[in-house]
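Colleague: My questions all concern the structure below.
The values are calculated or read from the model by the stated rules, or taken from the named source; none is laboratory data. Since the model is a prediction, treat every value here as computed from it, not as a measurement. Here the Cβ is made from the backbone with ideal geometry for all residues, glycine too, and neighbour counts use every protein chain on show.
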Amino acid sequence: MKSAVETLNPTRVRLTVEVPFEELKPSLDAAYAKINQQVTVKGFRKGKIPARIIDQRFGRGAVLEEAVNEALPKFYTDAVNEGELKVLGQPEVDITELKDGELLSFTAEVDIRPEIEIPDYSGIEVEVDSIEVTDEDVDKAVEELRERFASTSPVERAAEDGDVVTIDLEAKVEGEVLEDGVATGVSYTIGSGELLDGIDDAVKGLEAGGESTFTSELKGGTAAGKEAEVAVKVTQVAKRELPDLDDDFAQLASEFDTLDELRDDSRQRLLSTKEYDQATQAQERVLDKLLELVEVPVPEKLLEDEINTRKHNLEHHQLGQMGLDLARYLEIQGKSEEEFDAETKEAAIKGIKTQFVLDELVSKEKLNVNQEELTEHLMRRAASSGMSPDQFAKAVVEGNQVPMLVGEVARGKALAVVVQAATVKDTQGEIVDLSDEEEDEAAEGAEGAESPAESSAEPTEDKPEA
């Protein structure tokens, strides 16, 4: 076999392959054997039909077609390996010549990973938000905890702001009660904004047994986005009572004995959260700076696939669960379809570039992923997916997704290397010292950051079918 590689552009090549006919013999033998098992010829036992009889009865062309289809993937793969190509996706194969007994020639156009030159990134400088936990922040955190331990007690009076009412609802659209528009025994805190627009004004002033109607745009369900006439009946009014902020509350709501200890713990938790946010912000901004330094051509077909995958995931998963379609979503977001398409394309380009650059860094820095790192990442992914680690691991293995997870971890480590080399200052001009632990936490978000891997459109280097 002889092969040659022609570069069509930085992300696409054409392979020209010539195969001497004798190299097709194993595939020809396999073709005859396969046809032998599929056909019946009078006078011959199944599987024992001579090749010349098969040629006479079914045509040499049918045998050649079967043999070529069986052989093409192997010869294509051999040509890819010979050219040391990092191919992406499926090739477009064209048989240019097939001379029985002489020669098979074909071409295969396929996308490849572009050659990327990683420049010196040690000079990257970024600014991040400074960290400050104020007394007001602590007060708010403690108050939120206090809200969680509020109690309610029924009262015989009209409902007011902050009361918890038990209500029955019935929604009609164009005079027809919706199949999913009836609910009873719904608990609602007036002023929380957790239900329909207009419900607060409808129930305020009503006592138990009181009824009212109002119009509102439905947020979900079969009639999401439509105006509905909603009938509401209050069956109970209850007053919310917050516990006193004292040591007894600290013992009720936490493992601490005093309110001061609880406040100190809240302050430390807030500090840890802000440190994590700062580290994540540093990682994102360092990544943006790194991408600015590197020229990364993007394969057109890969970009098209990534855009389609992102749209599919949004429409059929995220919006579907919310009972929305794309048109309604864009209306809520105040975006035109053109603006949405442009934003999706921009995000897809960044995702592809991110993966290419970080993968190149993995190679350049000779980064490896050990079993402990892979297991930790699998545990995090399982938790975020709502599956048990065993269930998630089984799904990963059955879906042949282990290499994808390894790639995610490796990319996270690559970005952590760049973050460590960068100069990070906060808005006060102070150098931010990102500890290894904080870098690890930030890198969790980079293991698939803006990457097609997270949207199931990771560039693949599998040997494609021809």
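Colleague: Does Asp341 fit the bill of being in a helix (DSSP H, G or I), in the same structural domain as Glu306 (by TED's automatic domain parsing), over 22 Å from Leu314 (Cβ atoms) and of a type in the set (Asp, Glu)? Break it down stepwise before answering.
Modeller: Details: in a helix (DSSP H, G or I): yes; in the same structural domain as Glu306 (by TED's automatic domain parsing): yes; over 22 Å from Leu314 (Cβ atoms): no; of a type in the set (Asp, Glu): yes.
So Asp341 does not fit the description; no.
Colleague: Please find, within segment 1-35, the residue that is farthest from Val80 (Cα to Cα) out of those that are polar (S, T, N, Q) and in a strand (DSSP E or B). Show your work before the answer.
Modeller: Pass one, segment 1-35, residues polar (S, T, N, Q): 3, 7, 9, 11, 16, 27.
From what is left, the residues that are in a strand (DSSP E or B) are 3, 7, 9, 16.
On the way: Ser3: 9, Thr7: 13, Asn9: 17, Thr16: 11 Å.
Ranking the candidates gives Asn9 first.
Colleague: Same structure, new question: Does segment 101-117 include one or more residues that are under 30 Å from Thr235 (Cα atoms), touching a residue at least 12 places away in the same chain (Cβ under 8 Å) and not assigned by TED's automatic domain parsing to the domain that holds Thr7?
Modeller: Looking only at segment 101-117, we keep the residues that are under 30 Å from Thr235 (Cα atoms), and these are none.
No, because not a single residue in segment 101-117 is under 30 Å from Thr235 (Cα atoms), touching a residue at least 12 places away in the same chain (Cβ under 8 Å) and not assigned by TED's automatic domain parsing to the domain that holds Thr7.
Colleague: Across segment 370-415, what is the number of residues that are under 21 Å from Arg285 (Cα atoms) and either in contact (Cβ under 8 Å) with a residue 40 or more places away in the chain or assigned to a loop (DSSP other than H, G, I, E, B) (or both)? First the steps, then the outcome.
Modeller: Quick first cut of segment 370-415, residues under 21 Å from Arg285 (Cα atoms) only: 408-415.
In the following step, the residues that additionally are either in contact (Cβ under 8 Å) with a residue 40 or more places away in the chain or assigned to a loop (DSSP other than H, G, I, E, B) (or both) were identified as 408-411, 413-415.
Going through segment 370-415 one residue at a time, the tally reaches 7.
Colleague: Looking only at segment 337-358, filter to residues that are over 17 Å from Lys289 (Cβ atoms) and among the β-branched types (Val, Ile, Thr); which one of those is surrounded by the fewest Cβ atoms within 10 Å (Cβ to Cβ)?
Modeller: Thr344
Colleague: Let me ask something else about it. Can you find a residue in segment 121-141 that is among the β-branched types (Val, Ile, Thr), exposed (fewer than 15 other Cβ atoms within 10 Å of the Cβ) and either in contact with a helix residue (DSSP H, G or I) (Cβ under 9 Å, 6 or more places away or on another chain) or at pLDDT 95 or above (or both)? Walk me through it before giving the result.
Modeller: Residues of segment 121-141 among the β-branched types (Val, Ile, Thr): 124, 126, 128, 131, 133-134, 138.
Now restrict to residues that are exposed (fewer than 15 other Cβ atoms within 10 Å of the Cβ): 134.
Next cut, either in contact with a helix residue (DSSP H, G or I) (Cβ under 9 Å, 6 or more places away or on another chain) or at pLDDT 95 or above (or both) only: 134.
Checked against the condition, which is being among the β-branched types (Val, Ile, Thr), exposed (fewer than 15 other Cβ atoms within 10 Å of the Cβ) and either in contact with a helix residue (DSSP H, G or I) (Cβ under 9 Å, 6 or more places away or on another chain) or at pLDDT 95 or above (or both), segment 121-141 yields at least one hit.
Colleague: Answer with yes or no whether Val296 is assigned by TED's automatic domain parsing to the domain that holds Val424, in a loop (DSSP other than H, G, I, E, B) and touching a residue at least 40 places away in the same chain (Cβ under 8 Å). Write out each step before concluding.
Modeller: Numbers: assigned by TED's automatic domain parsing to the domain that holds Val424: yes; in a loop (DSSP other than H, G, I, E, B): yes; touching a residue at least 40 places away in the same chain (Cβ under 8 Å): yes.
It is true that Val296 is assigned by TED's automatic domain parsing to the domain that holds Val424, in a loop (DSSP other than H, G, I, E, B) and touching a residue at least 40 places away in the same chain (Cβ under 8 Å).
Colleague: Let me ask something else. Any residue that is among the aliphatic types (A, V, I, L, M), over 29 Å from Asp433 (Cβ atoms) and in a loop (DSSP other than H, G, I, E, B) - is there at least one of those in segment 346-369?
Modeller: Taking segment 346-369 as the starting set, the residues that turn out to be among the aliphatic types (A, V, I, L, M) are 347-349, 352, 357-358, 361-362, 367, 369.
Adding the requirement that they be over 29 Å from Asp433 (Cβ atoms) leaves 347-349, 352.
Cutting the leftovers down to in a loop (DSSP other than H, G, I, E, B) gives us none.
There is no residue in segment 346-369 that is among the aliphatic types (A, V, I, L, M), over 29 Å from Asp433 (Cβ atoms) and in a loop (DSSP other than H, G, I, E, B).
Colleague: To continue, here is another question. Mind checking whether some residue in segment 380-398 is assigned by TED's automatic domain parsing to the domain that holds Glu304 and touching an Asp or Glu at 6+ places or on another chain (Cβ under 7 Å)?
Modeller: Going residue by residue through segment 380-398, those that are assigned by TED's automatic domain parsing to the domain that holds Glu304 are 380-398.
Okay, now just the ones that are also touching an Asp or Glu at 6+ places or on another chain (Cβ under 7 Å), so 380.
Taking every residue of segment 380-398 in turn, at least one turns out to be assigned by TED's automatic domain parsing to the domain that holds Glu304 and touching an Asp or Glu at 6+ places or on another chain (Cβ under 7 Å).
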